[in-house]
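So the structure is just underneath, and the comments pick up after that.
The values are calculated or read from the model by the stated rules, or taken from the named source; none is laboratory data. Owing to the predicted nature of the structure, the values given are computational and were not obtained by experimental measurement. Cβ coordinates were reconstructed from backbone atoms using ideal geometry, including for glycine residues, and neighbour counts include every protein chain displayed.
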Amino acid sequence: MIAQALLLARWKQTLVAAIGVTFSITMFITLLSFMTGLNKLLDGLVLNRTPHVRLYNEIKPSKKQPINEIPSFKNSYNFIESIKASSSRQQIYNSGAIMQAIRKDKRVVGFAPKIITQVFFNEGMVDIAAAVNGIDAKAENELFHFNEYITEGNAMDLKNIANSIILGKALADKLLVSIGDVVQVTSTEGDRFSLKVVGFFESGLQEFDKTQSFASINTTQKILGEPNSYVTDIQIKLNNMGQAPEVAREYATLFQCEAEDIQTANAQFETGNFIRTLISYSVGITLLIVAGFGIYNILNMMIYEKMDSIAILKATGFSGWDVNKIFLLIALTIGFFGGFAGLIFGFLLSSAIGQIPFNTSALPTIKTYPINYDPAFYVIGVSFSLITTYLAGLFPARKASKIDPVLIIRGK
Amino acid sequence: MSEIILEARHIRKKFQDPVTIEVLNDINFSINKGDFVSITGKSGCGKSTLLYILSTMDTSYEGEVLIEQDSTANKKEKQLARIRNEKIGFVFQFHYLLNEFTVLKNVMLPGLKLNNYSQSEVEHRAMERLKMLGIEALATKKANKLSGGEKQRVAIARALINDPKIIMGDEPTGNLDKKNSEIVFDIFKQLAEEYRQTLLIVTHDQGFAQKTQRIIEMEDGKIIH
C-alpha cells in the first residue's frame, strides 16, 4: 500500500523507469524473435534440405590392398603408389534391406532414397552438364520440404507423370524451356532420353539452381539403365538432430558404406546460429542492465526524497525489513509492469516487422521478414526484467532499511 | 499503587566525535501511569538524546530502559520496532505526515502495521481519534493541504491510534505559534486528565513545562531537579 502510494507520488519517475524496462524488454523480444526467425530461415535454406544422416558410397581406392593380404607381407608396412579406384559402384549395396532396417529404427523420422547422376542437357549444338537427382517426391516433401522450393509446377507431378523432370530455374532459363516443354538429356553412358518439364525450383542458391534438376527415382533408373534396386543415396531424418554423428557412425559400420552426419556437413551453420543468438542475448541483456541502472537511480533519489517518511515509518513501528520490503516491492512493480508492457510491445513490434515485405530472389518462398514467436523468449524476458529490477532495487532498499530515524528526526 | 510505565536505570551516553563528550551521565527516573511529565533544560543538555534512548530508537548507550517493567536491552531491531508500534506514540517537532496519503490514512498507518484490528476497525478507531481532537472534517484531505497546527493535531491522532502506554513528544509545540501551542497543550492536558494517558514531553518552552504535573530539569547530562 505504501509502495503503491510512493509509486503514484513519483509517477513520472516511475513511468520513466518502467518505460526503460519496457523498452529493453521490447527490444529484447523483437531482437530475439527476428534473429532466431532469420536463423530458422537460414537453417531452412540448408539444414532443412540436408538429411541428418546421409548414406552413400564414395568412389575411392579400396582400403584393403592385395599386398596386405599376402601372409609374408602382412605384418610389414607396405608403401603403395598410384593406387586407383577399381570397379567401385556408387550404388548402395543391398539398399532394400538397409531401408527395411532403417524403417525399424526408432530414432528415425523417415528416410528418402535418392539417385544422383550427371547428365548432359542437349540444347541445339550445346551440351550443358547438370545433375539429375532421382527422388521419391512424397518422402522428399515430407522430410525436406521439397515443394517449398518449387516456384512453378507441382512436385508430385514427378511421380504422377512418367518421364518428367523439374529443372532449376536458372538451368531452365539457360535451356530456354517452359513448363510442358520437352528437354533432351544424354546420360554418361551415351543414351538419349526425352523428358517433360513439369516444374521449376529455386533453392535460393543460384549456382545450385544452374546445375540441378529433379526426376523421379524410376525415371533416373531408366536414364542410367539400372534396375529397380539401384539407389546411390539414402537420406535419413532423425527425431533428434543431435544424435546424427552417433547414428552415422553406427550405420557406417552396420551397412558398410559412407555415412555423413549433418554436423560434419554443415558445421559453419551451427557456428553462425550460435553467434547470432549470442549477439541477440547480449544486446538484450545489456539493455536490461541499463534499465536496471535507471531503476537504481530513481529508487536512490526516491529514498533521499522520502527520508522523512522512512524515518517516521520506522519511528512508528516499521522495522528495517518492512522498509526494505516496500522498496523492493516498488522495484519489482516497476519490473513487472514494465516487463509486461515490454512483452506486449515486443510482440507488436515483432509482428509489425513480420508484416514488412521482404522479397529476395535468393529466397523465393519468403514474402515477409521471418519472425520466430517462441514463447520461451517471453518467459526469459519477464524473468530477466524481474531479476534485474530486483537487483537494482536491492541496494537502495537496503540503504533505506538502514536509515537511522533518530538522525533524520533530530536533524530537523 | 500506581504502576510504572517507563523506567530509566543508569543511562549513560557518550559521543566520540572527535573527543569523548559525556552527553548523559547516570540518568535514573521512572514514570508512572497517567503522569504528565516534561523534560526541560537548555539546548544541548541531552534532553532529546535521552528521549530517543527511551523511545528505543537509539540503541547505543549504557544502562537499561524498562517499558512496563520489561527491559529493552538485548532486543532485536524487529522487536523494538514492535514495541514502538504497540506501546509508544510519537509527536515530533515536525509533523512527519506522509504527503501521499490522506489524513485518515496517515492516522491509520501504525494501526494497520500493528494488525490487531481489521482495516475497517482501524479506520473507525482513526475517525474516533480525529473526532476527539476536533479535526474529523479533515479526514479525507491530503496531508500536505493542512496548516501547521492541524498537521500537529493529526500527528497526535496518529500517536494515539494504537492506545500507546506512553506518548513521547520532542518539542511538539516548537514549530507552532502561541495559539496552536495552546491548542496542542490543551489536547495533552485533556489526554492526561480525562484518559489517564501517560505523557513524556521534551520541551525548552518553560511556560509549557510549568503547566505539566511533573518537571524533570536537566543540565549537562544530569537531572538536577
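Mind telling me which of the residues B:Ile5, B:Ile21, B:Ile11, B:Ile27 ends up being away from every other protein chain (no Cβ under 14 Å), more than 22 Å from A:Ala311 (Cα to Cα), buried (at least 21 other Cβ atoms within 10 Å of the Cβ) and without any contact (Cβ under 8 Å) to a residue 60 or more places away in the chain?
Residue meeting the stated conditions: B:Ile11.
Would you mind stating whether B:Leu133 is among the aliphatic types (A, V, I, L, M) and in contact with a strand residue (DSSP E or B) (Cβ under 6 Å, 6 or more places away or on another chain)?
For B:Leu133, the condition - among the aliphatic types (A, V, I, L, M) and in contact with a strand residue (DSSP E or B) (Cβ under 6 Å, 6 or more places away or on another chain) - is not met.
What do you reckon, is A:Tyr304 free of Cβ contacts under 8 Å to residues at least 40 places away in the same chain and either part of a helix (DSSP H, G or I) or among the polar types (S, T, N, Q) (or both)?
Spelling it out, A:Tyr304 is indeed free of Cβ contacts under 8 Å to residues at least 40 places away in the same chain and either part of a helix (DSSP H, G or I) or among the polar types (S, T, N, Q) (or both).
Please determine, by comparing only the residues of segment A:280-301 that are touching a residue at least 40 places away in the same chain (Cβ under 8 Å) and small (Gly, Ala, Ser), which one is farthest from the other protein chains (Cβ to nearest Cβ).
In this case the residue turns out to be A:Ser280.
Looking at segment B:77-91, which of the residues that are more than 7 Å from chain A (Cβ to nearest Cβ) and outside any helix (DSSP H, G or I) is nearest to B:Leu54 (Cα to Cα)?
Among those residues, the one meeting the criterion is B:Ile88.
How about segment B:97-114: which of its residues are closer than 19 Å to B:Ile166 by Cα and either more than 8 Å from chain A (Cβ to nearest Cβ) or in a loop (DSSP other than H, G, I, E, B) (or both)?
Within segment B:97-114, B:Val107, B:Met108, B:Gly111 qualify.
So which residues in segment A:302-332 are away from chain B (no Cβ under 14 Å) and among the small types (Gly, Ala, Ser), if there are any at all?
Of everything in segment A:302-332, just one residue is away from chain B (no Cβ under 14 Å) and among the small types (Gly, Ala, Ser), namely A:Ala331.
Filter segment B:13-67 down to the residues that are of a type outside the set (Val, Ile, Thr) and part of a helix (DSSP H, G or I) and list them by number.
Result: B:Lys47, B:Ser48, B:Leu50, B:Leu51, B:Tyr52, B:Leu54.
Of the residues that sit in segment A:333-352 and are touching a Leu at 6+ places or on another chain (Cβ under 7 Å) and either surrounded by fewer than 20 Cβ atoms within 10 Å (Cβ to Cβ) or without any contact (Cβ under 8 Å) to a residue 60 or more places away in the chain (or both), which one is nearest to the other protein chains (Cβ to nearest Cβ)?
Filtering first and then ranking leaves A:Thr333.
A quick yes/no check of all residues on (1) farther than 30 Å from A:Lys306 by Cα; (2) of a type in the set (Ser, Thr, Tyr); (3) modelled with pLDDT of 75 or more:
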residue	(1), (2), (3)
A:Ala5	no, no, no
A:Thr22	no, yes, yes
A:Asn39	yes, no, yes
A:Val46	yes, no, no
A:Lys60	yes, no, no
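Conditions tested, residue by residue: (1) in a helix (DSSP H, G or I); (2) polar (S, T, N, Q); (3) more than 25 Å from the chain's Cα centre (by Cα).
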{"residue": "A:Leu171", "(1), (2), (3)": "yes, no, yes"}
{"residue": "A:Ser178", "(1), (2), (3)": "no, yes, yes"}
{"residue": "A:Gly199", "(1), (2), (3)": "no, no, yes"}
{"residue": "A:Ser213", "(1), (2), (3)": "no, yes, yes"}
{"residue": "A:Ile223", "(1), (2), (3)": "yes, no, yes"}
{"residue": "A:Pro245", "(1), (2), (3)": "yes, no, no"}
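Out of all the residues in segment A:373-389, is one or more on the phi < 0 side of the Ramachandran plot and in a loop (DSSP other than H, G, I, E, B)?
Yes.
Kindly check whether there is at least one residue in segment A:129-137 that is at pLDDT 85 or above and out of contact with any strand residue (DSSP E or B) (no Cβ under 8 Å at 6 or more places or on another chain).
The answer is no, given that none of the residues of segment A:129-137 is at pLDDT 85 or above and out of contact with any strand residue (DSSP E or B) (no Cβ under 8 Å at 6 or more places or on another chain).
Yes/no matrix, rows are residues, columns are (1) without any contact (Cβ under 8 Å) to a residue 12 or more places away in the chain; (2) outside the structural domain of A:Thr368 (by TED's automatic domain parsing); (3) not small (Gly, Ala, Ser):
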{"position": "A:Ile25", "(1), (2), (3)": "no, no, yes"}
{"position": "A:Ile29", "(1), (2), (3)": "no, no, yes"}
{"position": "A:Leu38", "(1), (2), (3)": "no, no, yes"}
{"position": "A:Pro71", "(1), (2), (3)": "yes, yes, yes"}
{"position": "A:Lys74", "(1), (2), (3)": "yes, yes, yes"}
{"position": "A:Ile80", "(1), (2), (3)": "no, yes, yes"}
{"position": "A:Thr117", "(1), (2), (3)": "no, yes, yes"}
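For segment A:393-412, give me the residue count where each residue is of a type in the set (Lys, Arg), surrounded by 14 or more Cβ atoms within 10 Å (Cβ to Cβ) and either closer than 20 Å to B:Tyr96 by Cβ or more than 14 Å from chain B (Cβ to nearest Cβ) (or both).
3
Among the residues of segment B:115-148, count how many are within 14 Å of chain A (Cβ to nearest Cβ), under 27 Å from A:Met302 (Cβ atoms) and either surrounded by fewer than 22 Cβ atoms within 10 Å (Cβ to Cβ) or in contact with a Phe, Trp or Tyr (Cβ under 7 Å, 6 or more places away or on another chain) (or both).
Number satisfying all stated conditions: 6.
Only residues that are part of a loop (DSSP other than H, G, I, E, B) and either closer than 20 Å to B:Ile83 by Cβ or of a type in the set (S, T, N, Q) (or both): list them for segment B:1-12, please.
B:Ser2, B:Glu3 - these are the residues of segment B:1-12 that are part of a loop (DSSP other than H, G, I, E, B) and either closer than 20 Å to B:Ile83 by Cβ or of a type in the set (S, T, N, Q) (or both).
Go through (1) within 28 Å of A:Arg103 (Cα to Cα); (2) part of a helix (DSSP H, G or I); (3) in contact with a helix residue (DSSP H, G or I) (Cβ under 6 Å, 6 or more places away or on another chain) for A:Tyr230 and report which single condition fails.
The number of the failed condition is (2).
Name the one entry in B:Ala137, B:Ala126, B:Ala73 that is closer than 26 Å to B:Tyr195 by Cα, of a type outside the set (S, T, N, Q) and out of contact with any helix residue (DSSP H, G or I) (no Cβ under 8 Å at 6 or more places or on another chain).
B:Ala137
Has segment A:165-188 got any residue that is under 22 Å from A:Asn228 (Cβ atoms) and surrounded by fewer than 16 Cβ atoms within 10 Å (Cβ to Cβ)?
Yes; the residues of segment A:165-188 include at least one that is under 22 Å from A:Asn228 (Cβ atoms) and surrounded by fewer than 16 Cβ atoms within 10 Å (Cβ to Cβ).
Please determine whether any residue of segment B:36-46 is out of contact with any helix residue (DSSP H, G or I) (no Cβ under 7 Å at 6 or more places or on another chain) and modelled with pLDDT of 85 or more.
Checked segment B:36-46: at least one residue is out of contact with any helix residue (DSSP H, G or I) (no Cβ under 7 Å at 6 or more places or on another chain) and modelled with pLDDT of 85 or more.
Between a first residue in segment B:51-66 that is in contact (Cβ under 8 Å) with a residue 24 or more places away in the chain and a second residue that is assigned to a helix (DSSP H, G or I) and among the small types (Gly, Ala, Ser), which pairs have beta carbons less than 9 Å apart while being 6 or more apart in sequence or on different chains?
B:Ser55/A:Ala315; B:Thr56/B:Ala81; B:Met57/A:Ala315
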